[in-house]
Amino acid sequence: MIAMTSVEAQSRFGELIDRSQREPVEVTRRGRTVAYVVCEQDMKELVDVRRRREAAAQWYAQYRQKQVTTPEAASLTEAEVNELVHALRS
């Protein structure tokens, strides 16, 4: 990944845009990263990953809410749960 200072990015904006088409460009200010410049395709992929992750998290939250714990299940000890799992695997 290429890194540019914010001053370089300002003065060489055209080069910044051209480079970002090949790979992400890290923009720094006072030695700290302040931004990344990416091409349209990379940005679309990032947005899609974020959307899928949020959908998965929402689905899991809804799934967990639907799980009903009975009083009997809540009273099981860890040893009893292990026994049940072992019996199911056999």
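General observations
- Using Cβ point charges alone (K and R +1, D and E -1), the dipole size of the range 42-89 about the Cα centre works out to roughly 360 debye.
- Where both bridge residues fall in the chain, DSSP classifies roughly 55% of the beta bridges as antiparallel.
- Of the DSSP H helices in the chain, those whose Cα atoms cover at least 20 Å axially and whose Kyte score averages -0.5 or more: none
- Sequence-distant residues sharing a close amide H with Met4 (under 5 Å, placed H): Glu26, Val27, Thr28
- Here's the picture: charge each Lys and Arg Cβ at +1 and each Asp and Glu Cβ at -1 in the chain, and of Ala87, Tyr63, Ser6 the one pushed furthest to the positive end of that dipole is Ser6.
- Computed from point charges on the beta carbon alone (+1 for Lys and Arg, -1 for Asp and Glu), the dipole magnitude for the chain about its Cα centre is near 320 Debye.
- Residue-averaged [θ]222 nm for the chain, counting only DSSP H segments that reach four residues, each worth -39500 (n - 2.57): -19500 deg cm²/dmol
- For Leu84, the shell of other residues with beta-carbons less than 13 Å away shows a net charge of -3, using +1 for Lys and Arg and -1 for Asp and Glu.
- One entry in (i) 16, 51, 29, 3, 0; (ii) 14, 23, 17, 13, 11, 16, 6; (iii) 20, 50, 26, 4, 0 is P(r) over Cα pairs in 10 Å bins from 0, in percent calculated from the shown coordinates; its label is (ii).
We did not get these values from a lab; they are worked out from the coordinates using the rules stated. All values reported here derive from a predicted model rather than from experimental measurement. Glycine also receives a Cβ, built like all others from the backbone with ideal geometry; neighbour counts cover every protein chain displayed.
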